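Okay, structure first, notes after.
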Amino acid sequence: MSDLTRRDFVKLAEMAAVAAAVPQMSGGAKASTQAPVAASRQVTDGGGSSCAKVYFTKHIDADHLIKLYSLINEGIYGKVAVKLHTGEKNGPNILPRDMVKKFMEAVPNSSIVETNTLYVGDRYTTQDHRETLKVNGWNFCPVDIMDEFGSVNLPVRGGKHLKEVAMGGHIVDYDSMIVLTHFKGHLMGGIGGSLKNIAIGCASGQIGKAQVHGYTGANNPPTQGDWINNMPLQEKFMELMADSGKATVDYFGKHIVFLNVMRRMSVDCDCAGITAKEPTMADLGIAASTDILAVDQACVDMVYAAPDSQDLRERIESRHGLHQLQAMRDLKMGNDKYELISID
């Protein structure tokens, strides 16, 4: 493993602001030991320079995805990594390949980037991962398995638990990153948003993902019991994800953007493959921002405002997933105020 000890880090650009909010939380939301949404601050009065912009469309198709991207892509240049969860074999909820294909064609010099998994499955080894990519239809553009040849350490400045994270080594080959996320639930994290996509998704399979999961067991790979007994859950896991996500956000600085596709929002991640539970709520649309906290917060707010979101809300709250938002705020990864701007 090599260490990245020197790189010019660019601070996240200060987000311009204005206002228009998601509806407040549904009155039928189940009570929780946590607030329904962690200190969400939606601005409705025109805001000011301290407010992040989140663009939104209810239409989930390539044309609207590209239009949203065009509103946030000022900092994207050079060789572009598109961080996407390509999923286990035949996963029913993966983002539509034709939509992603058209999107990729609109982003010059871009490649899908992924890393191998910590658990044994369809993407545990690079060889199996490449076969899974073929099965799932990700064969229309370059796909870089970033940890194919090892890891690189990125520092976590001011992290809650981690000082550095082992990322897929090829991450340093890219000038910019587009985080294209299927927003849904997650077995351990509760929320599978932009944070989860880069925090776990950029970490190298055998080293970085163990760091992000706080794995302390002796088995390699972890056994089923390890996931319960040798990995922290709830708040600490959310904080470990925030630490890892911060390493990637700081590395790319203003050259990283986030698009969350709220489609087929199962309580399970695409890493569950064919065992993922069928979604029980309607699709909501796509949100886009240059601010990772704002975009994940906005999607959570929309989920909580939806009348049919009980199952996903239960998954989020039972895992204390809202602590992801608090941890990102604590690490100053983004803005807790946002303006939701519809392009429809």
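Across the stretch 59-91, which residue is nearest to L180 (Cα to Cα) among those that are surrounded by fewer than 18 Cβ atoms within 10 Å (Cβ to Cβ) and hydroxyl-bearing (S, T, Y)?
S70
Can you confirm whether the stretch 106-120 contains a residue that is in contact with a Leu (Cβ under 6 Å, 6 or more places away or on another chain), farther than 23 Å from W227 by Cβ and modelled with pLDDT of 95 or more?
Yes, some residue in the stretch 106-120 is in contact with a Leu (Cβ under 6 Å, 6 or more places away or on another chain), farther than 23 Å from W227 by Cβ and modelled with pLDDT of 95 or more.
Would you confirm whether or not the stretch 171-193 contains a residue that is in a helix (DSSP H, G or I), surrounded by fewer than 19 Cβ atoms within 10 Å (Cβ to Cβ) and in contact (Cβ under 8 Å) with a residue 12 or more places away in the chain?
Checked against the condition, which is being in a helix (DSSP H, G or I), surrounded by fewer than 19 Cβ atoms within 10 Å (Cβ to Cβ) and in contact (Cβ under 8 Å) with a residue 12 or more places away in the chain, the stretch 171-193 yields at least one hit.
Looking at the stretch 75-109 only, could you name the residues that are within 19 Å of the chain's Cα centre (by Cα) and under 23 Å from G208 (Cβ atoms)?
V80, A81, V82, K83, L84, H85, T86, G87, E88, G91, I94
Restricting the search to the stretch 220-234, which residues are buried (at least 17 other Cβ atoms within 10 Å of the Cβ) and within 11 Å of M188 (Cα to Cα)?
Answer for the stretch 220-234, where residues must be buried (at least 17 other Cβ atoms within 10 Å of the Cβ) and within 11 Å of M188 (Cα to Cα): W227, M231.
Sort out which residues of the stretch 267-317 are of a type in the set (D, E, K, R), more than 18 Å from S342 (Cβ to Cβ) and in a helix (DSSP H, G or I), and write them in order of number.
D270, D296, D311, R313, E314, R315, E317
Say we look at the stretch 37-80 and pick out the residues that are modelled with pLDDT of 95 or more and among the hydroxyl-bearing types (S, T, Y); which of these is nearest to V100 (Cα to Cα)?
Y69
I need a count of the residues in the stretch 103-123 that are buried (at least 19 other Cβ atoms within 10 Å of the Cβ) and not in a strand (DSSP E or B).
Of the residues in the stretch 103-123, 8 are buried (at least 19 other Cβ atoms within 10 Å of the Cβ) and not in a strand (DSSP E or B).
Considering every residue within the stretch 152-163, establish whether at least one is surrounded by fewer than 19 Cβ atoms within 10 Å (Cβ to Cβ) and either in a helix (DSSP H, G or I) or touching a Gly at 6+ places or on another chain (Cβ under 8 Å) (or both).
The answer is yes, given that some residue of the stretch 152-163 is surrounded by fewer than 19 Cβ atoms within 10 Å (Cβ to Cβ) and either in a helix (DSSP H, G or I) or touching a Gly at 6+ places or on another chain (Cβ under 8 Å) (or both).
Look at the stretch 282-305 and say how many of its residues are over 20 Å from the mean Cα position of the chain (by Cα) and closer than 26 Å to V100 by Cα.
Qualifying residue count, the stretch 282-305: 1.
Considering only residues of the stretch 124-145 that are surrounded by 21 or more Cβ atoms within 10 Å (Cβ to Cβ) and out of contact with any helix residue (DSSP H, G or I) (no Cβ under 8 Å at 6 or more places or on another chain), which is farthest from I198 (Cα to Cα)?
Selected residue: T132.
Residues of the stretch 138-174 being acidic (D, E) and out of contact with any strand residue (DSSP E or B) (no Cβ under 7 Å at 6 or more places or on another chain), which ones?
Passing the criteria: E148, D173.
Name the residue that is farthest from A166 (Cα to Cα), counting only residues in the stretch 194-219 that are among the hydroxyl-bearing types (S, T, Y) and surrounded by fewer than 24 Cβ atoms within 10 Å (Cβ to Cβ).
Among residues in the stretch 194-219 that are among the hydroxyl-bearing types (S, T, Y) and surrounded by fewer than 24 Cβ atoms within 10 Å (Cβ to Cβ), the one farthest from A166 (Cα to Cα) is T216.
Just give me the residues in the stretch 137-151 being part of a loop (DSSP other than H, G, I, E, B), closer than 25 Å to D268 by Cβ and either within 20 Å of the chain's Cα centre (by Cα) or aromatic (F, W, Y) (or both), in sequence order.
Residues satisfying the conditions are W138, M146, D147.
Could you list, ordered by first residue, the pairs with Cβ atoms under 9 Å in which the first is in the stretch 269-284 and surrounded by fewer than 21 Cβ atoms within 10 Å (Cβ to Cβ) and the second is at pLDDT below 95 and part of a helix (DSSP H, G or I), at least 6 apart or interchain?
none
The values are calculated or read from the model by the stated rules, or taken from the named source; none is laboratory data. Treat the numbers as computed from the prediction; the structure is a model and nothing was measured. FYI the Cβ positions are ideal-geometry reconstructions off the backbone, even for glycines, and counts take in every protein chain you see.
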